């Protein structure tokens, strides 16, 4: 069975996440996270990369709450 590698941007394009989609019995997993601004790539166990992406997404949502557009109501 072939698996598909998917790339997606998170946090308004600051990070590029490359993952392998789930096919059959195989689970989906993240294989690389790249910081676009610093050109740094992060590798490691899929569980560690999952936690990293969840932290980045949570940080991005907190930053949206601090934006001047939302406070100017």
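The values are calculated or read from the model by the stated rules, or taken from the named source; none is laboratory data. Given the structure is predicted, the values throughout are model-derived calculations rather than measurements. Note that we place each Cβ from the backbone using ideal geometry, even for glycine, and neighbour counts take in every protein chain shown.
Quick notes
- Residues that are loosely packed, with under 11 Cβ neighbours inside 10 Å and either over 23 Å from residue 60 (Cβ atoms) or touching a residue at least 40 places away in the same chain (Cβ under 8 Å) (or both), drawn from the stretch 6-18: 12
- Residue that is nearest to the chain's Cα centre (by Cα) [pool: residues in the stretch 22-45 that are closer than 15 Å to residue 6 by Cα and modelled with pLDDT of 90 or more]: 33
- Filtering the stretch 19-28 to residues that are in contact with a strand residue (DSSP E or B) (Cβ under 6 Å, 6 or more places away or on another chain) and either within 13 Å of residue 52 (Cβ to Cβ) or surrounded by fewer than 12 Cβ atoms within 10 Å (Cβ to Cβ) (or both) leaves only 19.
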